[in-house]
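Just below is one structure, and these are the notes that go with it.
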Amino acid sequence: MERFAAGTDRVIFWVTRALAALGAACVAGMAALVVMAVVMRYAFGAPFAFTEELAGLMMVSCIFLGLPFVLATHAHIRVGLLYERTGGWLRRIFWVLGQLVFVAFAAIFFRDALADARFTLMLNLRSEVARIQLAPFVIGMAAGIAVAGLVAAWQMLRPPPEAVAVLPETPPEFDK
């Protein structure tokens with residue numbers, strides 16, 4: 001059973017890492033678009049019409065493609081007021097409850113994103129100015145949140161991560 005769990009952890013890590021690489025490519029694409037827009041605006045006085053819309057779509061894509069990797073590596077922001085001050089079975093309960101909250105959120109978000117994807121495909125929706133097809137971005141958003149929900153559901157079955165080290169309290173010289 002432990003070999004299965006370790007193998008599943010590895011598969012999740014590599015799949016989410018591939019999605020995060022796509023998200024990182026979106027960030028690089030956004031940077032290139034912004035540079036192109038600035039050069040076109042100030043050097044030629046005529047910016048491209050598509051840069052702002054495409055950069056916005058790529059920003060949303062990088063967030064939803066990176067989310068599963070952040071969850072898989074426990075690199076997200078966590079509210080650990082009770083979790084970090086407990087141990088044993090009580091810590092496990094807090095861990096499972098936290099994962100359940102995210103899984104419920106992801107399920108509801110996925111349901112709505114899937115409906116948006118169907119609607120976008122049905123009407124062949126495009127962006128307002130540049131007429132960029134929106135379906136790939138909406139489908140990517142739905143897929144990203146679905147994978148994130150699956151990661152959280154799997155992690156709920158695994159042992160909770162160790163308490164992460166926090167920054168020390170405010171130095172005494174600033175308490176005055």
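The values are calculated or read from the model by the stated rules, or taken from the named source; none is laboratory data. Not measured: the values here are computed from a predicted model. Note that we place each Cβ from the backbone using ideal geometry, even for glycine, and neighbour counts take in every protein chain shown.
Scan (1) among the aromatic types (Phe, Trp, Tyr); (2) modelled with pLDDT of 95 or more; (3) closer than 23 Å to Val138 by Cβ for the single condition Trp14 breaks and write down its number.
With (1) among the aromatic types (Phe, Trp, Tyr); (2) modelled with pLDDT of 95 or more; (3) closer than 23 Å to Val138 by Cβ applied to Trp14, the lone miss is (3).
Determine whether Pro68 is closer than 30 Å to Val35 by Cα, touching a Gly at 6+ places or on another chain (Cβ under 9 Å) and not in a loop (DSSP other than H, G, I, E, B).
The answer is yes for Pro68.
Restricting the first residue to the range 1-20 and requiring it to be surrounded by 13 or more Cβ atoms within 10 Å (Cβ to Cβ), which pairs with a second residue that is assigned to a helix (DSSP H, G or I) and at pLDDT below 95 meet a Cβ separation below 7 Å and a spacing of at least six or different chains?
Partner pairs satisfying both residue conditions: Ile12/Ala72; Phe13/Ala72; Thr16/Ala72.
Quick one: count up the residues across the range 28-54 that are at pLDDT 90 or above and either part of a loop (DSSP other than H, G, I, E, B) or closer than 19 Å to Ala142 by Cα (or both).
Qualifying residue count, the range 28-54: 1.
Scanning the range 84-130 for residues that are of a type outside the set (A, V, I, L, M, F, W, C) and under 23 Å from the mean Cα position of the chain (by Cα), which turns out farthest from Pro160 (Cα to Cα)?
Looking at the filtered set, the residue picked out is Ser127.
Restricting attention to the range 91-134, which residues are farther than 16 Å from Gly56 by Cβ, among the small types (Gly, Ala, Ser) and in contact (Cβ under 8 Å) with a residue 12 or more places away in the chain?
Answer for the range 91-134, where residues must be farther than 16 Å from Gly56 by Cβ, among the small types (Gly, Ala, Ser) and in contact (Cβ under 8 Å) with a residue 12 or more places away in the chain: Gly98, Ala106, Ala107, Ala113, Ala117.
Within the range 42-54, is there a residue that is closer than 30 Å to Val11 by Cα, more than 17 Å from the chain's Cα centre (by Cα) and surrounded by fewer than 15 Cβ atoms within 10 Å (Cβ to Cβ)?
No.
Give Leu81, Leu114, Leu90, Leu57 a once-over and let me know the one that is surrounded by fewer than 15 Cβ atoms within 10 Å (Cβ to Cβ), out of contact with any Cys (no Cβ under 7 Å at 6 or more places or on another chain) and outside any loop (DSSP other than H, G, I, E, B).
When all the criteria are applied, what remains is Leu90.
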